[in-house]
């Protein structure tokens, strides 16, 4: 057994030093731990990350040093190595991996000063570009969620912000699906994005632009994506039943993580369709809210929208679009909803059309930068 100590991820220098020790035998670091967290965890554990993921069920994911290292090394092999900007909380796996990659590269990560903003991003990027004596200008990398990328692109008319975005050899974007309009805007501006797919249970993203990293295997079983490889978590602390349910071995003894995501693998390319459990039954027909949301986000002015479920007297369940009022809307709210409904009907059928569009001053976010879907759903239910 190894001791587990709670870790405050706010200071990247302290986090880096503690993580070096954790990956060298301990003590293990606990992120997001509650009062009932254990004092000891199985030997080999480097970090424990408390997360509810997409299911809303609290989990304590145990990651070994070998898993973290395998993920970071595969990333370096795919996109290169250099200096990293830490723009995400270090207590979440995407932010933590920025620190792990920096450790393996022998560099110090630079964190944003204060809250995320285009100005802070540009200033932090400028500090990364200053070479140390005797060194050239380093290769730069960072990791963002789509909401952060959208904020930066909206400010890209400002020269320093656009210059900062273009300075990165690769900007990893994950945590949720990357809306196609955002990807296209970034490409038009010469910004190099890499779409990532993964989970805390896979030490972060392990599929880049649809291609698994070296060492990672992805397959679809009964429509559900499963992942194998050296970056898999050991399991869940204190929940053997959930570990056994989500981590299974095949007939060859290979250990696979059941993602709970629907998708397929075609010619080596992984295509994610959405959560298997994010489905409503509307008028007796199953409707994937993830697929609806992906289509809605392709509608101009709704790139950052979130689609949630509500009870419906007529259909049993229905979907509602929630979007920030600040997004550029050239149509009225009714026209915008009609455009979204038409787009969904064309691709999925009339039964999948959202029932309503709600505009808010700003979407509620988790500390990770992802939309707080449960808080948004509760707010919509109160309105509905």
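Only the coordinates and a few stated rules stand behind these numbers; no lab work does. In this text, all values refer to a predicted model and were calculated from it rather than measured experimentally. FYI the Cβ positions are ideal-geometry reconstructions off the backbone, even for glycines, and counts take in every protein chain you see.
Between residue 115 and residue 383, the modelled labels are 2.1 nm apart [label points 7 Å from Cα along Cα→Cβ].
Each DSSP beta bridge with both residues in the chain is either parallel or antiparallel, and the antiparallel ones are about 65%.
Working from label points 7 Å from Cα in the Cα-to-Cβ sense, the residue 267 to residue 77 distance is 2.4 nm. Any idea what log10 I(q)/I(0) is at q = 0.12, 0.14, 0.23 Å⁻¹ for the range 81-144, Debye with uniform C-alpha scatterers and no solvent? Each listed q maps to, in turn, -0.27, -0.37, -0.95.
Annotation: peptides 179-187, 166-174, ranked by per-residue average of other Cβ atoms within 10 Å with the highest first, follow the order 166-174, 179-187. When peptides 194-205, 290-301, 270-281 are sorted by average Cβ neighbour count within 10 Å, with the highest value leading, the order is 194-205, 290-301, 270-281. Against the compact-protein benchmark of 2.2 N^0.38 Å, the Cα-based radius of gyration of the range 110-162 scales to 1.21.
Projecting the alpha carbon convex hull of the chain along each direction and taking the average yields 20.2 nm². Here is the size of the range 278-383 from its Cα atoms: Rg then Dmax, 12.9, 36 Å. If the chain between residue 21 and residue 286 were fully stretched, how many nm would it gain, using 0.36 nm times the residue separation less the Cα-Cα distance? Here the answer is 90.5 nm.
Extension gain for residue 372-residue 248 works out to 41.7 nm (0.36 nm per residue, less the C-alpha to C-alpha distance). Extension gain, residue 34 to residue 187: 0.36 nm times the residue separation minus the Cα-Cα distance gives 50.9 nm. For the range 1-121, the share of alpha carbon pairs falling in successive 10 Å distance bins from zero is 14, 44, 34, 9, 0 percent. Under the simplified labelling scheme, the residue 157-residue 221 pair shows an inter-label distance of 5.2 nm, with each label point 7 Å from Cα along Cα→Cβ. Taking only the C-alpha atoms of the range 80-202, the Rg (one decimal) and the largest Cα-Cα distance, Dmax (whole number), read 13.7, 41 Å. Report note on the peptides 218-229, 119-130: ranked by the mean count of other C-beta atoms within 10 Å, highest first, their order is 218-229, 119-130.
Is the shape of the range 174-225 best called rounded, prolate or oblate, per the rule: a/c under 1.5 gives rounded, else a/b larger than b/c gives prolate, else oblate, with a ≥ b ≥ c the square roots of the Cα gyration tensor eigenvalues? In terms of gyration-tensor shape, prolate.
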